[in-house]
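K.L.:
Below is the structure I would like to discuss, written out as structure tokens.
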């Protein structure tokens, strides 16, 4: 689960991390009122969407020369103008894709005189199973560009969970940023507080870019991106209240209500599979046969009729889907139960695209019999290779 920048900064501030003063705004008037609460004379008006590259982004509804999703303002009128142009319009950035995202929230913050910008992030290193720091002197720009052009400027190290964050970790951050004296002490303190925030919220990522040194020699978090481990959110009801469902893909949001693992892709063959590894193999073999999967969808090991019906509806809500491949291995899950769910779902949604089903495992013959006697145009498959070839052939027939 991701949250907006203003929510991320408010959260970090609770752990003692220094952030500029700022206020969220849902309307133009709220943005103007926010600026009145700030000391000025410089304000920053930021579009709040779950995507990076906002400053370089462009609004679909505005002229090409219009500024992006991060604006500087020196007066209340300039704040009003920026808010008027942003709210309700669609911001397209390198991360949103061509469709862009509608701006429904703004963040008005106090302007900061910047002397130097850095990059600091915490994430889970899957190779070591530890929390890792990623630090660079090249802040204020895409870390991917830094990694490609000057990888030597990125420093990484992880924290042993048995000891937790120690003073030497803070010193390593300060050294990587080239900071000395009081700024080094600030960096050590800030790194420890961000680490505490990471663990305390079950975060999966905290990215600070830029972490700035101000003209008066203070370290300040000017932008922050925070994501959480969704599996831990039952422990954080307060964090769940920060969820902005308008920022999520409607189909992925619907899938989450049924505990389905769903990710929309750009292909035209919908996939319904049980098990993440089997789902990946299914997508690979579709591509091997010359077409592309429209989604990743893992119904899990305990799928029932309700889940299967919901999965079918979600897949078919994507207008790009021209056919569906169901690939089920019935271990804990019985094939006859899945077959009943497939038949019920196909009838309920008035299935009008080709459907190929491959079943294997517990009660497989009973499952195949249910499909065969359903009266529906369901194409059976013997194995995964056979299933992929058949769904590709069926889709090409109606293309």
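K.L.:
Over all distinct alpha-carbon pairs, what is the Kirkwood Rh of the stretch 250-398 in angstrom?
P.N.:
Its Kirkwood hydrodynamic radius stands at 14.7 Å.
K.L.:
Further question on the same structure: Applying 1/(1 + (r/R0)^6) with R0 = 30 Å to the Cβ-Cβ distance of residue 150 and residue 217, what FRET efficiency is obtained, to the nearest 0.05?
P.N.:
The value I calculate is 0.70.
K.L.:
If the elastic network links every pair of Cα atoms under 10 Å, which of 362, 246, 201 fluctuates the most in the Gaussian network model of the chain?
P.N.:
Fluctuation is largest for 362.
K.L.:
Continuing with this model, one more query. Given the DSSP H assignment, sum -39500 (n - 2.57) over each helix run of at least 4 residues in the chain and divide by its residue total; what's the result at 222 nm in deg cm²/dmol, nearest 500?
P.N.:
Result for the chain: -11000 deg cm²/dmol, rounded to the nearest 500.
K.L.:
Now, a different point. What distance in nm separates the two pseudo spin-label positions at residue 160 and residue 72, each 7 Å out from Cα along the beta-carbon direction?
P.N.:
4.7 nm
K.L.:
Note the angle between two axes, namely the Cα long axis of helix 335-348 and the longest principal axis of the Cα atoms of the chain, as a number of degrees from 0 to 90, rounded to the nearest 10.
P.N.:
For 335-348 against the chain, the angle is about 80 degrees.
K.L.:
Here's another thing I want to ask about it. Order these by the 10 Å Cβ neighbour count, fewest first: 335, 271.
P.N.:
Ordered by Cβ neighbours within 10 Å, fewest first: 335, 271.
K.L.:
OK, next. For the Cα atoms of the chain, what angle does the longest principal axis make with the long axis of helix 5-14, in degrees from 0 to 90, nearest 10?
P.N.:
That helix lies at roughly 60 degrees to the long axis.
K.L.:
Run the numbers for residue 253 and residue 373: contour at 0.36 nm per residue of separation, minus the present Cα-Cα distance, in nm.
P.N.:
So the extension gain works out to 39.8 nm.
K.L.:
Quick check: convex hull of the Cα atoms in the stretch 114-240, volume per residue, rounded to a whole Å³?
P.N.:
Hull volume over Cα atoms, normalised by residue count, gives 114 Å³.
K.L.:
Another question, then. Using 13 Å as the cut-off for backbone N distance, which residues of the stretch 168-206 belong to the label zone defined by a point 7 Å from the Cα of residue 235 along Cα→Cβ?
P.N.:
In the stretch 168-206, the label zone of residue 235 (backbone N under 13 Å from the point 7 Å along Cα→Cβ) covers 197-204.
K.L.:
Oh, and also: When only alpha-carbon atoms are used, what values of Rg and Dmax, in angstrom, describe the chain?
P.N.:
Rg and Dmax of the chain, Cα atoms, are 25.2, 79 Å.
K.L.:
Could you rank the peptides 131-141, 88-98 by their average count of other C-beta atoms within 10 Å per residue, with the highest value first?
P.N.:
Per-residue Cβ counts within 10 Å, averaged per peptide and sorted highest first, yield 131-141, 88-98.
K.L.:
How many nm separate the modelled label positions at residue 99 and residue 168, each set 7 Å beyond the Cα in the direction of the Cβ?
P.N.:
Simple spin-label model gives 4.8 nm for this pair.
K.L.:
Arrange 58, 37 by Cβ neighbour counts within 10 Å, fewest through most, would you?
P.N.:
37, 58
K.L.:
Next question, about the same structure. Give the relative contact order (percent, whole number) for the chain; include only Cα pairs under 8 Å separated by 6+ residues.
P.N.:
So the answer I get is 12 percent.
K.L.:
Please work out the Kirkwood hydrodynamic radius for the stretch 1-101, using every pair of different C-alpha atoms, and report it in angstroms with one decimal place.
P.N.:
Evaluated on the stretch 1-101, it is 14.2 Å.
K.L.:
In nm, give the distance between the simple-model label positions of residue 56 and residue 320, each being 7 Å from the Cα along the Cα-to-Cβ direction.
P.N.:
2.4 nm
K.L.:
Figure the gain on full extension for residue 304 and residue 393 (residue separation times 0.36 nm, minus the Cα-Cα span) and round it to one decimal in nm.
P.N.:
Extra length from residue 304 to residue 393 when fully extended: 29.1 nm.
Quick note: the coordinates plus some simple rules give every number you see, no bench work behind them. Just so it is clear, the model here is predicted, and its values are computed rather than measured. As a convention, Cβ positions derive from the backbone with ideal geometry for all residues, glycine included, and neighbour counts pool all protein chains shown.
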